[in-house]
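What follows is a single structure, written as structure tokens, with notes after it.
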Amino acid sequence: MTHTFPENFLWGASISAHQTEGAYNAEGKGLSVQDTRQRDNHDIADFTVAVDHYHRYKEDIRLLAEMGIKVFRFSIAWTRIFPNGRGKVNDLGIQHYSDVIDELLKYDIQPYITLNHFDLPQALEDEGGWGVRTTVDAFVHYAETVFKAYGDRVKHWLTINEPNIMLLVDKKILGKEIPLREKYQQFHHLMISEKYAFKRCHELIEGGKIGPVPNISLVYPATSKPLDNQAALYFNSVRNWAYLDFSCFGRYNTVFKDYLNRNDVSITFASEDQELMEKHFPDFVAMNFYTTVTVEKPTERDGMANGISDQQSEDIMEWGFYKGFTNPFLKKNQFNWTIDPDGLKTTLQTLYDRYHLPIIITENGLGAKDELTEDGKIHDDYRIDYLEQHIDQCRQAIEAGVDLIGYSPWSAIDLISVHEGISKRYGFIYVDRNEHDEKEMHRYKKDSFYWYQSLIKANQLPS
Ligand code: BGP
């Protein structure tokens, strides 16, 4: 059997604005919730300087072009376009991303742009954030503005990064806990914002394509006990399908509705919502995947302490529904996330059979504490191993009939992890800085850089 990927397979690499750009108040940028959020751990780098990609994007793109990527997934910082979330456009912000896009096109790299990656403008947060309808209106205006500004050159768009993880792991990502009732009103507003983005992208951009970008990973039952399977059914719905069913089918699924009813949560719809939900759909699904999750049914012994403290670990509990369980068959990375390449193939197959839309993986990768050697090398064979195993499962999924069109791992370059700082590195390119010492931020190519470069060139895994 051949290891070759389909011709035109989209090999890529991904980043987000706030985790890389820095320049948090440069050239008219307003503050986002990521610039202002309280972090549990003050000992880690914040996003004010990040890895200075804002000023060094040309150097970074040149390196990525050398690596051979065909697709670069990045996000626009909404607060560079509208410093307060709405109002007067900041021309310098518009110009910045226009320059980034031109730089990518110069190397024949297709931009895949995420409209919003965890960095809501703080001014909108102060008015109630995703909990209030006016944020949807502001988002739609922002999306229209960037579609009009870049739609001539950018044909592929992603809506809102991982709304599922943003809501489930609110404390870690947004720095505050959202009460359950408000959480699902936010869910509705996020999903409706996305529907508007589908609609306006199709109306405004000739040949424009757009997809949702949730973090999807299958939830396994801890045992063959029927109640553990039921726990998996609920967490699969709350974590995965509620989001994609809304995007791709235009409805709330019944398991999710039952979950909401049992939690006494009701959602307020605006008059246009039903029609929007049922009329506008994505062209593809972008999916982020790191690991799978295993759950069991909680019992009296577990107490009632609800909470989800890490998106990918077993530290999950919702009384009456599910509780995280350590899967004894999976190894873990240095940060306690399980590694499950087989689970990627199963997730892809499940997702494809549910929606029958092309899929692009827009995040997958290994966070690790890399070491820079004295002679300027980074021997990240553990990352190569992780990527190789996952890419092999992608290949198998394609052979099994899944329309997987691309693979754009996390991350193109080292960046500031959402809650672990710069010590948890994902990049193919090493950035020489520590949590509090920014140094020169010199870029070094890791071993994985050369490995990925030859894989892309050959369009196949090394045999
Ligand atoms: C995803 C986010 C990314 C990135 C990644 C790794 O959920 O979309 O922004 O942060 O997870 O997570 P972490 O930084 O916590 O290791």
Practice item. State the Cα centre-to-centre distance between the range 326-390 and the range 65-115 in whole Å. Key: 26
Revision key, fill the gap. Ranked from fewest to most other Cβ atoms within 10 Å of their own Cβ, T292, T145, T159 fall in the order T145, T292, T159
Review point. Within the chain, what percent of beta bridges assigned by DSSP are antiparallel, to the nearest 5?
Key: 35
Revision key, fill the gap. Computed over the range 31-104, the relative contact order (Cα-Cα under 8 Å, seq sep at least six) in percent reads 29
Revision key, fill the gap. Any residue on another chain or 5+ positions along whose placed amide H is under 5 Å from the amide H of T114 is listed here as F74, S75, I76, L158
Check your understanding: In whole Hz, what ³J(HN,Hα) sequence does the range 206-215 give by Karplus (6.51, -1.76, 1.60; θ = phi - 60°), x for Gly and Pro?
Key -> 5, x, x, 10, 9, x, x, 9, x, 9
Study note, to complete from the structure: Taking placed amide H atoms and a strict 5 Å upper bound, the residues 5 or more places from G406 or on another chain that come that close are L10, I361
Point to revise | 37 °C / 0.692 mPa s Stokes-Einstein diffusion coefficient of the range 360-433, Kirkwood radius on C-alpha pairs, µm²/s | key: 245
Review point. When the Kirkwood radius is taken over all Cα pairs of the range 110-187, what Stokes-Einstein diffusion coefficient follows at 25 °C and 0.890 mPa s, in µm²/s?
Key: 181
Practice item. Note down the relative contact order for the chain as a percent, whole number, built from C-alpha pairs under 8 angstrom at least six residues apart. Key: 17
Point to revise | Square roots of 5 times each gyration tensor eigenvalue, C-alpha, the range 214-304, largest first, Å | key: 28, 18, 9
Practice item. Using the Karplus curve 6.51 cos²θ - 1.76 cosθ + 1.60 with θ = phi - 60°, work out ³J(HN,Hα) for each residue of the range 29-34 in order, rounded to whole Hz, and write x for Gly and Pro. Key: 5, x, 7, 10, 4, 6
**Study point:** Calculated over the chain: convex hull of Cα atoms, volume per residue (Å³)
**Key:** 141
**Study point:** Sites matching GluC sites (Glu not before Pro) across the range 190-250 that sit in DSSP coil, with at most 16 neighbouring C-beta atoms within 10 Å
**Key:** E206
Check your understanding: Which order do peptides 7-15, 422-430 fall in by mean Cβ count within 10 Å, highest first?
Key -> 422-430, 7-15
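Every read-out reported here was derived from the displayed coordinates using simple, explicitly stated rules and does not represent laboratory data. Small disclaimer: the values here were computed from a predicted structure and weren't measured. No Cβ is skipped: glycine too gets one built from the backbone with ideal geometry, and neighbour counts run over all protein chains shown.
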